[in-house]
Amino acid sequence: MQSKRVVFRAQDKVGIEPFEIGAPGPGEVLVRTEVTLISPGTEGANLMGLPNTPQQFPKGAGYSNVGRVLEVGEGVEGVRPGDRVTSHGAHASHVIVGAGRCAGVPEGLSPEAATFSSLTAVSMQGVRKARVELGESVLVLGQGIVGNLALQIARLQGGYPVVGADLDQRRLEVARQVGADHTVRVGVEDVVEATRDLTDGDGARVVIEATGAAEPVVAAFQAAGWCGRVVLLASSRGETERVNFYRDVHRRGLTVLGAHNSVRPRVDVSSGFWPLADDVKLGLALMAAGRIRVHPLITTRVPCDQAAEAFHLVTEQRREALGILINWKETA
């Protein structure tokens with residue numbers, strides 16, 4: 001079957017290339033893609049070859065795919081042709097993925113909303129690791145997609161007040177729209193002082209770093225309260241020498257938690273650690289129930305033949321773009 005996919009040909013070079021896709025093997029399903037979501041942080045960093053990325057080209061891209069099942073392989077149960085599913089499939093008109101890596105899209109939830117399930121799961125595991133308790137103050141640094149979703153999930157966990165911080169005013173407006181109790185405009189306000197003012201001078205019990213930059217990690221440590229927890233949720237690109245670990249971490253008894261999405265149990269659920277499939281399924285259910293809101297995050301929709309222009313938004317106009325959706329229906 002003739003298909004199309006996004007390829008990062010070289011640093012900052014994006015193309016759409018044809019390829020042949022075969023039949024699904026045992027345990028696999030063939031999906032005709034409807035829509036995919038760009039992950040601005042991870043995919044933008046990989047496209048630009050930033051630190052802490054493979055820096056190898058050419059390579060495929062994408063891990064937030066929604067489409068209809070065309071065909072199932074031998075031994076597949078619970079997934080049938082015609083089902084709408086979300087998966088970690090690539091930016092492509094057709095993908096073959098493991099049946100166990102698919103999740104059915106709930107009735108009434110739009111394909112556009114369902115594309116956020118992968119990034120919702122990323123944010124969810126970070127908030128789980130923080131173990132937010134009812135009434136604990138939470139600061140989320142960075143209000144891109146992952147940071148906004150982390151803010152919403154921390155609020156569902158009972159965090160109060162939940163504070164969103166970002167450089168961009170429009171992102172802070174979206175944060176307030178989805179339920180932030182307070183917002184802080186970085187660069188206009190001092191985020192450490194503002195956080196202390198909002199928490200009776202204590203600092204945040206939980207700080208979630210979701211900017212993807214190295215320098216804000218320093219502010220994350222300094223904005224945390226006595227014996228607070230700092231979750232490093234975004235994949236930081238680069239290094240900083242400004243952290244004084246005695247002053248900022250050791251002397252104040254902070255707990256620092258690495259929250260890369262790969263650090264999960266494969267099957268068993270335990271407190272603070274859920275398998276990816278379980279978080280994806282829960283994220284979809286919470287979106288369908290209106291308890292996680294993703295439509296305010298959608299800023300751009302493009303047809304698949306304009307994917308290169310869409311990634312240009314990621315690399316050149318990152319503050320203006322949040323949720324960028326690629327429509328594949330015309331080619332599927």
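The values are calculated or read from the model by the stated rules, or taken from the named source; none is laboratory data. No experiment lies behind these values; they were computed from the predicted model shown. Because the Cβ atoms are built from the backbone with ideal geometry, glycine has one as well, and the counts that use them run over all protein chains shown. Accessible surface is based on the protein model in full, side chains and every heavy atom, while ligands, DNA and RNA are left aside. Shrake-Rupley method; radii C 1.70, N 1.55, O 1.52, S 1.80 Å.
Against the main long axis of the alpha-carbon atoms of the chain, helix 117-130 sits at an angle near 30°. For the chain, the share of accessible area belonging to carbon and sulfur comes to 48 percent (1.4 Å probe, ligands and nucleic acids excluded). When Rg and the Kirkwood radius Rh are both evaluated on Cα atoms of the chain, their ratio Rg/Rh stands at 0.98.
So which residue, out of Asn261, Asn52, Asn148, gets the largest mean-square fluctuation from a GNM of the chain using Cα contacts under 10 Å as springs? The residue with the greatest mean-square fluctuation here is Asn52.
What does the C-alpha gyration tensor say about the overall shape of the stretch 1-153? Classify as rounded when a/c is under 1.5, otherwise prolate if a/b is larger than b/c, or oblate. Oblate, since a/c reaches 1.5 and b/c is not below a/b. Per the Kirkwood formula applied to alpha carbons, the stretch 125-269 shows a radius of gyration over Rh ratio, Rg over Rh, of 0.94.
Return the calculated 222 nm mean residue ellipticity for the chain, to the nearest 500 deg cm²/dmol, obtained by summing -39500 (n - 2.57) across DSSP H runs with n ≥ 4 and dividing by the residue count. Intermediate results must be reported in sequence, preceding the final value.
On the way: 9 runs with 87 residues, N = 332.
When only DSSP H runs of four or more count, the value is -7500 deg cm²/dmol.
Exposed loop sites here are trypsin sites (Lys or Arg not before Pro) assigned a DSSP state other than H, G, I, E or B and surrounded by at most 16 other beta carbons within 10 Å; excluding them, the longest clear run of the chain is 1-130. A simple spin-label model places the labels of Glu239 and Leu156 3.8 nm from each other, with each point 7 Å out along Cα-to-Cβ.
Taking a quarter of the surface of the convex hull around the Cα atoms of the stretch 263-332, what do you get in nm²? List each step's numbers first, then the result.
Values: hull surface 28.7 nm².
So the mean shadow area of the Cα hull is 7.2 nm².
Given the C-alpha atoms of the stretch 73-142, compute the convex hull and give its volume per residue in Å³. Intermediate values should be presented prior to the final figure.
Numbers: hull volume 11.1 nm³, N = 70.
So the per-residue Cα hull volume is 158 Å³.
Using the eigenvalues of the Cα gyration tensor, what equivalent ellipsoid semi-axes result for the stretch 1-69 when each is taken as the square root of five times the eigenvalue, whole Å, largest first? Don't skip to the answer; put the middle values down first.
Values: eigenvalues 122, 37, 26 Å².
So the equivalent ellipsoid measures 25, 14, 11 Å along its semi-axes.
Evaluate the stretch 72-199: find the radius of gyration of its Cα atoms, find its Kirkwood radius, and give the ratio Rg to Rh. Don't jump to the answer; show the numbers that get you there.
Details: Rg = 18.3 Å, Rh = 16.6 Å.
Result for the stretch 72-199 is an Rg/Rh of 1.10.
Within the chain, what's the longest run with no GluC sites (Glu not before Pro) in a DSSP loop and at most 14 other beta-carbon atoms within 10 Å? Give the range, please.
Working: sites that count: Glu74, Glu77, Glu107, Glu133, Glu239, Glu241, Glu320, Glu330.
Result for the longest clean stretch: 134-238.
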